[in-house]
Amino acid sequence: MARTVLIVEDEFDFADVVALNLRRAGFDTVAVRSGEAGVAEARHRKPDLVLLDLMLPDIMGTEVCRRLKSDPATRGIPVIMVTARGEEIDRVVGFELGADDYVVKPISMRELVLRVNAVLRRTSMAPGDLDAASVSVGPLRVDGPSHRAFVEEDEVNLTALEFRLLMVLLARRGRVLSREALLDQVWGLQAEVETRTVDTMMKRLRDKLGAAGRYLETVRGVGYRFSDQD
Ligand code: CA
């Protein structure tokens with residue numbers, strides 16, 4: 001069955017070209033022209049991926065992304081933010097909101113289709129079987145199916161990427177992962193982020209995990225690992 005991409009874009013010409021190229025690549029497409037319609041359509045249709053324009057006539061793409069990622073019904077749907085040159089928001093802000101990738105127009109259709117495929121491959125690749133499992137290590141409990149994490153009994157509020165970073169480390173518990181490997185497995189090969197982004201997110205994840213933060217170990221000159229000590 002063909003996978004469906006929801007295109008939320010108010011520039012009709014661009015939306016048409018994107019839809020044409022995605023259909024040629026074997027996808028089904030649905031296009032809407034406003035943020036509110038995008039949120040409604042994502043809830044109703046459960047697309048496999050959302051291509052989300054930043055500047056929309058009613059609400060900002062960032063707000064659409066925030067709504068999609070905070071609703072349990074839609075938070076698992078990967079989102080690629082699309083901006084035009086000159087209206088670039090901080091890439092990190094896009095990722096903070098839970099966007100899975102970020103592209104800047106003008107972009108070649110070949111590149112865009114590659115990005116869509118890369119994000120779908122990455123987000124459908126469960127780190128081990130953890131996505132279907134609940135794992136406890138010391139005070140930390142991670143619930144894969146609901147994408148929630150708890151320390152003692154308190155829920156830790158993680159962004160989609162922070163949760164994925166935690167899952168990738170946990171899935172390879174005791175093994176060291178380089179920053180490059182983490183960029184690949186958490187952000188995806190195509191993401192144009194720098195290795196220090198890994199350090200920044202690791203620090204924030206540690207802070208958020210509080211008492212369980214000590215399980216995230218830095219291996220100097222190599223990378224990071226989830227401790228194999230209980
Ligand atoms: Ca626009």
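The values are calculated or read from the model by the stated rules, or taken from the named source; none is laboratory data. As the structure is a prediction and not an experimental result, all values here were calculated from the model. Reconstructed Cβ throughout: ideal geometry from the backbone, glycine too, with neighbour counts over all protein chains shown. For accessibility, only protein heavy atoms count, side chains too; no ligands or nucleic acids. Shrake-Rupley method; radii C 1.70, N 1.55, O 1.52, S 1.80 Å.
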Answer residue from segment 69-84, given it is among the β-branched types (Val, Ile, Thr) and either open to solvent by 50 Å² or more (accessible area, probe 1.4 Å) or assigned to a loop (DSSP other than H, G, I, E, B) (or both) and is nearest to VAL5 (Cα to Cα) among those: ILE77
query: When residues of segment 209-230 are filtered for being touching a Lys or Arg at 6+ places or on another chain (Cβ under 8 Å) and part of a loop (DSSP other than H, G, I, E, B), how many remain?
result: 2
- prompt: Under the condition of being in contact with a strand residue (DSSP E or B) (Cβ under 7 Å, 6 or more places away or on another chain) and part of a helix (DSSP H, G or I), which residue from segment 54-68 is farthest from the ligand (Cβ to nearest atom)?
  reply: LEU68
- prompt: Quick check: anything in segment 92-105 at pLDDT below 80, β-branched (Val, Ile, Thr) and open to solvent by 10 Å² or more (accessible area, probe 1.4 Å)?
  reply: yes
- prompt: Name the pairs: first residue in segment 52-63 and more than 14 Å from GLY98 (Cβ to Cβ), second residue more than 11 Å from the ligand (Cβ to nearest atom) and in a loop (DSSP other than H, G, I, E, B), Cβ to Cβ under 8 Å, at least 6 apart or on different chains?
  reply: LEU54/ILE89
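Identify, from the list ARG23, ARG43, the residue that is under 23 Å from THR159 (Cβ atoms) and either assigned to a helix (DSSP H, G or I) or modelled with pLDDT under 85 (or both).
Just one listed residue meets the conditions, ARG43.
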- prompt: Does segment 163-173 include one or more residues that are touching a helix residue (DSSP H, G or I) at 6+ places or on another chain (Cβ under 7 Å), of a type outside the set (Gly, Ala, Ser), over 15 Å from ALA212 (Cα atoms) and surrounded by 16 or more Cβ atoms within 10 Å (Cβ to Cβ)?
  reply: yes
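Can you say whether VAL113 is buried (at least 16 other Cβ atoms within 10 Å of the Cβ), in contact with a Leu (Cβ under 6 Å, 6 or more places away or on another chain) and at pLDDT 90 or above, as far as the supplied structure shows? Walk me through how you get there before you give the answer.
Details: buried (at least 16 other Cβ atoms within 10 Å of the Cβ): yes; in contact with a Leu (Cβ under 6 Å, 6 or more places away or on another chain): no; at pLDDT 90 or above: yes.
Taking the combined requirement at face value, the residue does not satisfy it.
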- request: Within segment 136-152, count every residue that is free of Cβ contacts under 8 Å to residues at least 40 places away in the same chain and open to solvent by 30 Å² or more (accessible area, probe 1.4 Å).
  value: 5
message: Among the residues that make up segment 174-192, is at least one of them part of a helix (DSSP H, G or I), at pLDDT 85 or above and open to solvent by 30 Å² or more (accessible area, probe 1.4 Å)?
response: no
message: What's the number of the only condition in (1) touching a helix residue (DSSP H, G or I) at 6+ places or on another chain (Cβ under 9 Å); (2) surrounded by fewer than 16 Cβ atoms within 10 Å (Cβ to Cβ) that ARG45 fails to meet?
response: (1)
